[in-house]
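*Asks:* Let me begin by handing over the structure; questions about it come next.
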Amino acid sequence: MRITVIGCGYLGATHAAAMAELGHEVLGIESDPVKRQQLTEGRVPIYEPGLSDLLSHHVASGRLRFTDSWAEVADFGDLHFLCVGTPQKAESLAADLSQVESAIEGLAAHLTRPAVVVGKSTVPVGTAERMARRLAEIAPAGSDVLLAWNPEFLREGFAVEDSMHPDRIVLGVTDGRAEKVLREFYGPLIDAGTPIVVTDFATAELVKVAANAFLATKISFINAMAEVCEATGADVVDLADSLGYDARIGRRFLQAGIGFGGGCLPKDIRAFVHRAGELGVEDAMSFLRHVDDVNQRQRGRVVDVAQAMVGGLAGARIAVWGAAFKPDSDDVRDSPALSIAGALSLRGAQVSVYDPRANDTARVAFPTLVYAESAVDACLDADLVLHLTEWPEFRNITPDHLDRVVSRRRIFDGRNALDLEAWRTAGWTARALGRP
């Protein structure tokens with residue numbers, strides 16, 4: 001099929017490249033001229049494993065290209081995938097839908113023939129119904145322009161794999177014609193065994209935010225348990241392992257640490273709480289405020305532990321391993337690691353940060369911090385080493401690598417991923433949240 005992708009950031013660029021790989025002709029529209037030029041040259045402005053090679057290959061083949069013309073997009077595509085951002089508003093918890101609304105307005109005016117517009121952006125429930133009405137009002141093709149909602153479930157670091165081999169496809173539709181077109185489009189994935197759920201707009205919109213809310217709740221639960229473990233002398237890792245054997249619970253997302261971040265979970269649960277209030281069911285989602293509170297508190301707890309370990313932050317030299325909110329990404333949006341590094345610096349510590357991929361994006365967000373060229377370089381004369389993003393290379397560093405580098409042999413594991421006993425045996429003071 002000939003498809004278009006509206007908005008070519010993290011979601012859009014990945015979807016565009018993956019759909020080209022599946023054999024479709026793809027035209028992406030991107031308003032940012034710098035980003036559009038990078039994509040046209042086959043370069044990805046973000047780090048995502050496998051995406052750069054995939055995108056550059058299909059740009060070179062001619063199957064994937066980019067434009068800034070709504071008229072060209074409308075003329076080219078049979079399916080138009082809406083992949084723009086929905087960040088949190090500056091003045092409230094609500095999602096900012098201005099990019100979604102602008103995209104609908106820009107595209108609809110040029111839709112003169114039958115087409116299906118497919119929303120993939122994460123939006124508050126009720127948005128799709130409103131956008132469908134707007135399409136019908138503006139599009140010259142009228143009722144021949146259909147809307148569907150097909151939420152994305154991409155995990156940063158695994159986005160290409162998740163696009164090519166999704167664990168489910170959810171289609172929110174109100175018209176059988178849209179369902180038929182999307183079943184044809186996703187035919188190879190459905191034939192390969194990917195489950196498909198066909199439902200209404202509201203349910204499709206809720207699936208993504210409900211999934212993120214559940215994962216956020218699970219993370220904050222184990223972090224709350226880590227506080228209880230510290231108060232009682234229990235071990236949160238052993239606790240999580242024991243819980244994980246229960247098939248009803250499972251071990252994933254029960255890794256106690258500094259909390260979640262990124263461009264999805266934090267803003268999505270806040271937008272969910274806000275929307276629940278608008279719908280008159282705020283009490284039902286009020287627990288998500290506590291989930292958010294626990295998550296934010298983790299950052300302050302790490303700062304307090306760091307202060308206790310060095311005996312005062314003013315003038316202390318602290319090495320921070322990690323800036324991205326998770327490994328295999330250069331995304332520092334709402335990154336707990338970078339937030340902690342910034343808070344330590346504001347309290348007078350001399351902070352040296354190293355991240356295998358996110359130094360450049362972190363430098364834009366926090367230009368006042370020092371950024372090292374390697375994990376070992378970050379530790380030069382350090383009074384304390386903080387492990388805050390669980391990149392594999394940090395687990396491979398041994399005390400022998402640092403004994404002659406640091407000023408004081410002290411390490412804090414913010415992700416419960418290091419072998420604390422090995423560090424302690426080597427003469428280091430080693431701590432982690434929720435561990436004896």
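What follows draws every value from the coordinates through simple rules; no lab data is involved. All values derive from a computational prediction rather than experimental measurement. Note: ideal-geometry Cβ built from the backbone for every residue, glycine included; neighbour counts use all protein chains shown.
*Asks:* How high is the relative contact order of the chain, in percent, with contacts defined as C-alpha pairs under 8 Å that are six or more residues apart?
*Replies:* 12
*Asks:* Using θ = phi - 60° and the Karplus relation 6.51 cos²θ - 1.76 cosθ + 1.60, list the HN-Hα couplings for region 29-41 in order, rounded to whole Hz, with x at every Gly or Pro.
*Replies:* Result, ordered by residue: 10, 9, 7, 6, x, 5, 5, 4, 5, 4, 5, 4, 7 Hz.
*Asks:* Another question, then. Given axes a ≥ b ≥ c from the Cα gyration tensor, I'd like to know whether region 2-199 is rounded (a/c under 1.5), prolate (a/b larger than b/c) or oblate.
*Replies:* On the way: a/c = 1.28, a/b = 1.17, b/c = 1.09.
Rounded, since a/c falls under 1.5.
*Asks:* Could you point to the label whose value was computed as semi-axes √(5λ) of the Cα gyration tensor in Å for the structure here, given [x] 31, 27, 18; [y] 43, 24, 19; [z] 38, 26, 22?
*Replies:* [y]
*Asks:* How large is the direction-averaged shadow of the alpha-carbon convex hull of region 363-430, in nm²?
*Replies:* 4.7
*Asks:* Let me ask something else about it. Beyond 16 Å, what share of the Cα-Cα pairs of region 337-376 remains, rounded to the nearest whole percent?
*Replies:* The share of Cα pairs beyond 16 Å in region 337-376 comes to 24 percent.
*Asks:* For region 330-378, state which trypsin sites (Lys or Arg not before Pro) are in a DSSP loop and have at most 11 other beta carbons lying within 10 Å of their beta carbon. Mind dumping the intermediate values first?
*Replies:* Details: sites: 333, 347, 357, 363; in loops: 333, 347, 357.
In loop regions of region 330-378 (DSSP not H, G, I, E or B), there are no sparsely surrounded trypsin sites (Lys or Arg not before Pro).
*Asks:* Report, in debye and to the nearest 20, how large the dipole of region 213-299 comes out about its Cα centre when Lys and Arg carry +1 and Asp and Glu carry -1 on their Cβ.
*Replies:* Around 300 debye, computed over region 213-299.
*Asks:* Please identify the longest segment of the chain free of exposed GluC sites (Glu not before Pro), where exposed means a DSSP state other than H, G, I, E or B and no more than 11 other Cβ atoms within 10 Å.
*Replies:* Excluding the exposed sites themselves, the longest stretch runs over 92-372.
*Asks:* Residue by residue, what Karplus-based ³J(HN,Hα) values in Hz, rounded to whole numbers, does region 342-355 have, using 6.51, -1.76 and 1.60 with θ = phi - 60° and x for Gly and Pro?
*Replies:* Going residue by residue, I get x, 5, 5, 5, 5, 8, x, 6, 8, 10, 10, 10, 9, 9 Hz, with x marking Gly and Pro.
*Asks:* What residues qualify as long-range amide H neighbours of residue 370, i.e. H under 5 Å apart, gap of 5 or more or another chain, H built at 1.01 Å from N?
*Replies:* Sorted by chain and number, the residues that satisfy this are 351, 353.
*Asks:* Let me check I've understood the local charge: for residue 352, count other residues with C-beta under 12 angstrom from its C-beta, Lys and Arg +1, Asp and Glu -1. What total comes out?
*Replies:* -4
*Asks:* Viscosity 0.692 mPa s, temperature 37 °C: Stokes-Einstein D of region 117-202 from its Kirkwood Cα radius, in µm² per second?
*Replies:* Here the translational diffusion coefficient equals 238 µm²/s.
*Asks:* I'd like the Karplus ³J(HN,Hα) series for region 324-329: coefficients 6.51, -1.76, 1.60, θ = phi - 60°, whole numbers in Hz, and an x wherever there's a Gly or Pro.
*Replies:* 5, 6, 7, x, 6, 7
*Asks:* Summing -39500 (n - 2.57) over the DSSP H runs of n ≥ 4 in the chain and dividing by its residue number, what mean residue ellipticity at 222 nm do you reach, to the nearest 500 deg cm²/dmol?
*Replies:* Counting only the DSSP helices, I get -13500 deg cm²/dmol.
*Asks:* Still on this structure: Subtract the Cα-Cα distance of residue 246 and residue 419 from 0.36 nm times their separation in residues, and report this length gain in nm to one decimal. Don't jump to the answer; show the numbers that get you there.
*Replies:* Numbers: separation 173, 0.36 × 173 = 62.28 nm, distance 2.48 nm.
Taking 0.36 nm per residue and subtracting the Cα distance, the gain is 59.8 nm.
*Asks:* Amide H neighbours of residue 88 under 5 Å, at least 5 residues apart or on other chains, H built in the peptide plane: list them.
*Replies:* Here the answer is 96, since their amide H atoms fall under 5 Å of that of residue 88.
*Asks:* Once you have a ≥ b ≥ c as the square roots of the Cα gyration tensor eigenvalues for region 15-79, tell me rounded if a/c is under 1.5, and otherwise prolate or oblate according to whether a/b is larger than b/c. All intermediate terms of the calculation are to be shown ahead of the outcome.
*Replies:* Details: a/c = 2.06, a/b = 1.22, b/c = 1.69.
Here region 15-79 falls in the oblate category.
*Asks:* Whose amide H sits under 5 Å from the amide H of residue 117, counting only residues 5 or more places off or on another chain, with H placed in the peptide plane?
*Replies:* Correct list: 80, 146, 147, 148.
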